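Enquirer: Structure below; questions to follow.
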Amino acid sequence: MRKIVLSVLLIAILLFTLFSNYFLIDAPAPTEAVKFDTGDTAWIIVATALVLIMTPGLGFFYGGMVGKKNVISTMLQSFMAMIIVTVLWVIIAFGLSFGPTIGGIIGNPIPNLFFQGVGTNTAWSLAPTIPFMLFALFQAKFAIITPALITGAFAERIRFWAYLLFMVLFILFIYTPLAHMTWHPDGLFFKMGVLDFAGGTVVHMSAGWAALAGAIFLGKRKVQKVNPARITYVLLGTGLLWFGWFGFNAGSALGSNGLAVQALGTTTVAAAAAGMAWVFLDKILGHKLSAMGACIGVVVGLVAITPAAGFVSIPHAMFIGAIASIISNLVVRAFHKGKIDDALDVFACHGVGGMVGMLLTGVFASKSINSVVGDNQGLIFGDTTLFLNQFKALVVVSIFAFTASYVLFFIVNKITPLRVSEEKEELGLDISQHGEFL
């Protein structure tokens, strides 16, 4: 059955793209030429490439943490996200995210099917200095990494084809409405005044809650305590993530300007402060300073500053990174004593880090940093409106992302079993799923 479905999908895509000139109508050329800023365009091209490198970086980060017999499968899950989500984004997901609004919840995908009307001579309303296609491709990289983040929770026990199906459904039914509500000017959260500079809700909270749902649904691994295959991979992955995150956050300014520099600065110091806080807390609690701990701390800081990067000062960014690292460290320790097998602590790091960042954006956002903040500044400046809006969005996103993800895992499991057999888990996913090994 799977072979038939895949054959039909492949043939349909080939035929539609081959004869696309008969089905799709190009957007009419603007009556007046749009004057794009070459500096902004050059920077967002670079930022788009930087965000893309984060996904293979994540592959190294996760791949180094799992057991040796699961390294290839774990890394391939990230690489396949780059492949599948890119195609899905062009066909329909971009339109669902940024198409004309349907009730402030989701976009109408029809006008932008197969990037119809997404050209190089028009611009997105909130990014008027760069071509529309560049904006769409930049946003594609955010969609790519989000399901890849989830994979750490169910590492070493999921069937690969089931993961691919879940990834497609996650993008269509969870990621796209969150992106629309948060970043589209007619979106529900956007109109509420919720601030999410680069993806605290859309990327990290959605991934974190989906990871928790997946860990609960799939159950524990047969053997939970495994020696990391390559800590050097973790170090390399962290470096690539930190490097790419400058495109993630500074690129979200959508221009080569002072706001991009501010976001780069807050990203830098939050990551460093978080890494420092993690290893200091480890030592305070009687543990050795580990490479793994330093790397995880840095990533938590990057996660936490993401929603706040373009709204807060440098000192406040350091606080956000450090406090998120401390909280995530404690949550990781609590999870290891519990019954939920979140293999690579995705919820404790990305979910919790994203939530801390969203709330602290409501505490520290300042109109002196970004005029978009307006008069509803952060709690520390004496205004409660923004903080309450951030809190409301956090609650809604948490309930939606966890519940919808659990339902999707249930549906996928009915279509094709999610979990490998005990024999294949013992053998390792590299051999059982891909016929390859280190």
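Enquirer: Looking at THR238 and the list (1) in contact (Cβ under 8 Å) with a residue 24 or more places away in the chain; (2) farther than 26 Å from THR101 by Cα; (3) out of contact with any Cys (no Cβ under 6 Å at 6 or more places or on another chain), which single condition is not satisfied?
Expert: (3)
Enquirer: Just checking, does segment 256-270 include any residue being at pLDDT below 95 and either on the phi > 0 side of the Ramachandran plot or out of contact with any Gly (no Cβ under 8 Å at 6 or more places or on another chain) (or both)? Before you say what the answer is, go through the steps one by one.
Expert: Our first condition is that a residue be at pLDDT below 95; within segment 256-270, this holds for none.
So far as segment 256-270 goes, no, none of its residues is at pLDDT below 95 and either on the phi > 0 side of the Ramachandran plot or out of contact with any Gly (no Cβ under 8 Å at 6 or more places or on another chain) (or both).
Enquirer: Hey, among the residues in segment 366-383 that are more than 13 Å from LEU259 (Cβ to Cβ) and aliphatic (A, V, I, L, M), which one's surrounded by the most Cβ atoms within 10 Å (Cβ to Cβ)?
Expert: So the residue we want is LEU379.
Enquirer: Also: Please go through (1) of a type in the set (A, V, I, L, M, F, W, C); (2) free of Cβ contacts under 8 Å to residues at least 40 places away in the same chain; (3) part of a helix (DSSP H, G or I) for ILE216 and return the number of the only condition it doesn't satisfy.
Expert: The failed condition is (2).
Enquirer: Does at least one position in segment 219-230 carry a residue that is assigned to a helix (DSSP H, G or I) and among the hydrophobic types (A, V, I, L, M, F, W, C)? Walk me through how you get there before you give the answer.
Expert: So in segment 219-230, the residues assigned to a helix (DSSP H, G or I) come out as none.
No; the residues of segment 219-230 include none that is assigned to a helix (DSSP H, G or I) and among the hydrophobic types (A, V, I, L, M, F, W, C).
Enquirer: Please specify each residue of segment 149-189 satisfying the condition of being in contact with a Gly (Cβ under 8 Å, 6 or more places away or on another chain), open to solvent by 10 Å² or more (accessible area, probe 1.4 Å) and in a helix (DSSP H, G or I).
Expert: MET181, LEU188
Enquirer: Which members of segment 100-111 meet the condition of being crowded, with 21+ Cβ neighbours inside 10 Å and either aromatic (Phe, Trp, Tyr) or in contact (Cβ under 8 Å) with a residue 24 or more places away in the chain (or both)?
Expert: ILE106, GLY107
Enquirer: Please tell me if VAL5 is modelled with pLDDT of 85 or more, touching a helix residue (DSSP H, G or I) at 6+ places or on another chain (Cβ under 9 Å) and open to solvent by 50 Å² or more (accessible area, probe 1.4 Å). I'd like the intermediate steps shown before the answer.
Expert: On the way: modelled with pLDDT of 85 or more: yes; touching a helix residue (DSSP H, G or I) at 6+ places or on another chain (Cβ under 9 Å): no; open to solvent by 50 Å² or more (accessible area, probe 1.4 Å): yes.
It is false that VAL5 is modelled with pLDDT of 85 or more, touching a helix residue (DSSP H, G or I) at 6+ places or on another chain (Cβ under 9 Å) and open to solvent by 50 Å² or more (accessible area, probe 1.4 Å).
The values are calculated or read from the model by the stated rules, or taken from the named source; none is laboratory data. On a predicted model such as this, the values are computed, not experimentally measured, just so you know. Cβ: placed from backbone, ideal geometry, glycine included. Neighbour counts: every protein chain shown. Accessible surface areas use protein heavy atoms only, side chains included; no ligands, DNA or RNA. Shrake-Rupley method; radii C 1.70, N 1.55, O 1.52, S 1.80 Å.
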